[in-house]
Amino acid sequence: MPTEATIRSKAGTMGRAAEFHRVGSLCALAAGAWLGMAEAPVRMADVSMRPGTISLCMVAGVFVARWSFPTLIRGTGAVLADLRARAHLMVWAVLAGALWAVGNTLTVYAIRDVGLSVAFPLWNANGLIGLFWGVVLFRELRGASRGTQLRVVAGAHVIVLAAILLGLSLMRGQTQAQPHLAEGVAAALGAGLMWGTMYVPYRKAYLSGMNPLSFVTVFTVGELGTMTALAVMLAGGARPLELELSAHRGSLFWIFLGGFCWVVGDMFQQYATKLIGIGRGISLSNTNQLWGMLWGAFAFGEMAGATAGQRWMIVGGSVLMVVGTVAISSASASAGELRQTEVAMEREARLYGLAASSDTKPEANPAKRRQWDWLILVASGAVFLLLARQAKPPVGMAAPGWAIALAAAACGLMVFAGQRLWRATRFA
């Protein structure tokens, strides 16, 4: 018979796991808000650049933000110490960044060929791909009750269905020929495959105990390197790329800002992946489709003149999105599933000779800020100020008041989720 101490220990473990599930779910929802908002600044830019060049500009903004946030929150000393302790994961981080860069470029082609309303729900199938990899590679949902498995799997499918309805609602009865329909659909599905698969390195890193802020610092090296090579190749050389960037200086700030918003969302998504796994985390963050619809409908006036059928699609898609979100958010991991996570951790530890740890405890001696930390932050701010001075006024904004309201809502969710994450993990 288990002793009272054993019972208390198990109760404490389950209580901490339940708290991590709540915080991880909240992080995923905050990620959805910011990932959905990331396309808005890009749409404010008056651009006629090649898709690869647009993607490069966004990745450059991502690079600046990915170095700024970890430096601000932890300092480069803590990040470097984490990387030295788990040097083998740097290769996986670079690979994940390369997958993201390819996926992001494919989204630009998909939007060009079939439009955002069609492309968005197609690449959001990454939630189902992530769920597949989580179950197959990392034993997610194994040991869980049938009810929990059903809520997560059904919730993920319902969110994808809701995304399709919301995407269709924005088409406004378009019937014009789309000569590159097949290419656009293939690009969107390819982006979903890339973005669903890139979470495999994420999960490997977090099962090994790496801090998400350390992982993204290396992740962005793979992003920028891959995207620079793609942009140069697609532009026909470095000189044509340079001329194209120079000719569109007024649009660079808005694209950079889109990358910045994306990083805020991605950082929350990283913590969600660490705390609740790939299947739950990606699916919940795919509520970005709902936020994208809100931005399109209210800030950019995409629903002006919408038919009754389209409005019903919005209502139905929104309700389904909420239903799927509630289903996954309520599917907390049981003791059996937590044990399967420990098995996956032990496997990673044996593979790389590490001490297995999934705990998220505050660091005993957080690294002090160094002089170059402040230089990184100052340089990042200077880049954005320089681009802001050259920026042209935003275009396509139908209702600035709605844009401010939506941005304020996303910021409020960021603060609330950030506070809960800090209390639970101290960003460990």
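The values are calculated or read from the model by the stated rules, or taken from the named source; none is laboratory data. Just so you know, these numbers come straight off a predicted model, no measurement behind them. Counting neighbours? That spans all protein chains shown, and the Cβs are built from the backbone with ideal geometry, glycine included.
Candidates are the residues of segment 101-116 that are within 15 Å of N288 (Cβ to Cβ) and buried (at least 22 other Cβ atoms within 10 Å of the Cβ); the one that is modelled with the lowest pLDDT is I111. Just so you know, in segment 390-405 the residues that are at negative phi and assigned to a loop (DSSP other than H, G, I, E, B) include one that is surrounded by the fewest Cβ atoms within 10 Å (Cβ to Cβ), and it is P393. Please report, ordered by residue number, the helices (runs of 4 or more DSSP H) entirely within segment 16-87 with at least 1 residues that are farther than 21 Å from L252 by Cβ. The qualifying helices (runs of 4 or more DSSP H) are 51-73, 76-85.
One residue is enough: does segment 413-428 have a residue meeting the conditions within 23 Å of T76 (Cβ to Cβ), in a helix (DSSP H, G or I), more than 19 Å from the chain's Cα centre (by Cα) and in contact (Cβ under 8 Å) with a residue 12 or more places away in the chain? Looking for residues that are within 23 Å of T76 (Cβ to Cβ), in a helix (DSSP H, G or I), more than 19 Å from the chain's Cα centre (by Cα) and in contact (Cβ under 8 Å) with a residue 12 or more places away in the chain, one finds at least one in segment 413-428, hence yes. Checking each residue in segment 195-225 for being surrounded by fewer than 22 Cβ atoms within 10 Å (Cβ to Cβ) and under 15 Å from L106 (Cα atoms) picks out only T197.
Only one entry in T273, T287 is crowded, with 24+ Cβ neighbours inside 10 Å, closer than 27 Å to P394 by Cβ and of a type in the set (S, T, Y), namely T287.
Does segment 322-331 contain at least one residue that is buried (at least 24 other Cβ atoms within 10 Å of the Cβ), under 21 Å from the mean Cα position of the chain (by Cα) and either of a type in the set (F, W, Y) or at positive phi (or both)? There is no residue in segment 322-331 that is buried (at least 24 other Cβ atoms within 10 Å of the Cβ), under 21 Å from the mean Cα position of the chain (by Cα) and either of a type in the set (F, W, Y) or at positive phi (or both). Inspect segment 132-150 for any residue being surrounded by 22 or more Cβ atoms within 10 Å (Cβ to Cβ) and over 16 Å from G279 (Cβ atoms) and give the result as yes or no. Within segment 132-150 (the criterion being surrounded by 22 or more Cβ atoms within 10 Å (Cβ to Cβ) and over 16 Å from G279 (Cβ atoms)), the answer is no, since none of the residues qualifies. Within segment 286-293, the presence of a residue that is farther than 17 Å from P121 by Cα and in a helix (DSSP H, G or I) is excluded. When the residues of segment 195-227 are filtered to those that are small (G, A, S) and over 17 Å from the mean Cα position of the chain (by Cα), the one that is nearest to F427 (Cα to Cα) is G209. Scanning segment 37-56 for residues that are of a type in the set (D, E) and over 20 Å from the mean Cα position of the chain (by Cα) yields a count of 1. When P121 is tested against (1) part of a helix (DSSP H, G or I); (2) modelled with pLDDT of 85 or more, exactly one condition is not met: (2).
The requirement of being buried (at least 20 other Cβ atoms within 10 Å of the Cβ), in contact with a Pro (Cβ under 8 Å, 6 or more places away or on another chain) and touching a residue at least 40 places away in the same chain (Cβ under 8 Å) is fulfilled somewhere in segment 44-51, by at least one residue.
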